Amino acid sequence: MQKLATLCCALLLSSSFAVPVLAANPVKTDMKAMSQSLRAAANADDAAAMKDSLTKLREYSVHAKTQVPPDFKDQPADGPERKAYVEGLDKLIQQIDATIGLLDAGKLDEAKAALDGMAQTKKEYHKKLKV
C-alpha cells in the first residue's frame, strides 16, 4: 500500500512540473492539434466529418498565427523567420477555406485531393523554418 501511495505522489509531483512546461508553449500545442486535425480530415469518410476536422484545423491555425514561437521570440516582428511563420499559416488558412468551399459545393474527391496541398504546405514551411 505504501508503494502505491509513493507511486501516486511521484506521478502527481512529476505532472505538476510537466503542465507548466506544456502550457508555456501554446504554439507547440496548436501545432500538435493542427496535425491531428489534418490527419482526421484525411481519414474522414464523408464531407461532414472532413468539414468538422477542417474547421478545427482552421481554428488552431488562426490561434497559432497570433502566437510567437519560442525560437523566434528574440527576433523582430518583421524578421524573416517570423514573416515566414505567418506567411505559412496564411497560406494554410487559405487552403482550408478553399477546401471547405469544395465540400460545400459537394466536391468531396476534389477536397480530398486538396488535403495533399495542405500537407505539402506543412512540409514546405517546416523545412523553411527548420522545425
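Just need a number here: residues in the range 34-57 that are basic (K, R) and in contact (Cβ under 8 Å) with a residue 40 or more places away in the chain.
Of the residues in the range 34-57, 1 are basic (K, R) and in contact (Cβ under 8 Å) with a residue 40 or more places away in the chain.
Can you pull out the residues in the range 1-48 that are open to solvent by 50 Å² or more (accessible area, probe 1.4 Å), modelled with pLDDT of 50 or more and within 30 Å of D116 (Cα to Cα)?
Matches in the range 1-48: K28, T29, M31, K32, Q36, R39, A42, N43, D45, D46, A48.
Here is a check on your reading of the model: is Q95 touching a Gly at 6+ places or on another chain (Cβ under 9 Å) and within 23 Å of L115 (Cα to Cα)?
yes
Take R58 and tell me if it is modelled with pLDDT of 95 or more and either under 17 Å from V27 (Cα atoms) or open to solvent by less than 90 Å² (accessible area, probe 1.4 Å) (or both).
So R58 passes the test.
Sort out which residues of the range 22-53 are outside any helix (DSSP H, G or I) and in contact with a helix residue (DSSP H, G or I) (Cβ under 7 Å, 6 or more places away or on another chain), and write them in order of number.
If the condition is that a residue be outside any helix (DSSP H, G or I) and in contact with a helix residue (DSSP H, G or I) (Cβ under 7 Å, 6 or more places away or on another chain), then N25, A44 are the ones that fit.
Considering only the range 83-131, how many residues are without any contact (Cβ under 8 Å) to a residue 12 or more places away in the chain and of a type in the set (K, R)?
Of the residues in that region, 5 qualify.
Go through the range 63-82 residue by residue and tally those that are closer than 28 Å to A111 by Cα, open to solvent by 60 Å² or more (accessible area, probe 1.4 Å) and either touching a residue at least 12 places away in the same chain (Cβ under 8 Å) or in contact with a strand residue (DSSP E or B) (Cβ under 8 Å, 6 or more places away or on another chain) (or both).
2
With the requirement that a residue be outside any helix (DSSP H, G or I) and closer than 19 Å to K122 by Cβ, what does the range 69-91 give you?
Within the range 69-91, just P69 meets the criteria.
Out of all the residues in the range 83-101, which are open to solvent by 40 Å² or more (accessible area, probe 1.4 Å) and of a type in the set (A, V, I, L, M, F, W, C)?
V86, A98
The values are calculated or read from the model by the stated rules, or taken from the named source; none is laboratory data. This is a predicted model, so every value here is computed, not measured. Cβ sites come from the backbone with ideal geometry, for glycine too, and all protein chains shown count toward neighbours. Note: accessible area is taken over every heavy atom of the protein model, side chains too, but ligands, DNA and RNA are not part of it. Shrake-Rupley method; radii C 1.70, N 1.55, O 1.52, S 1.80 Å.
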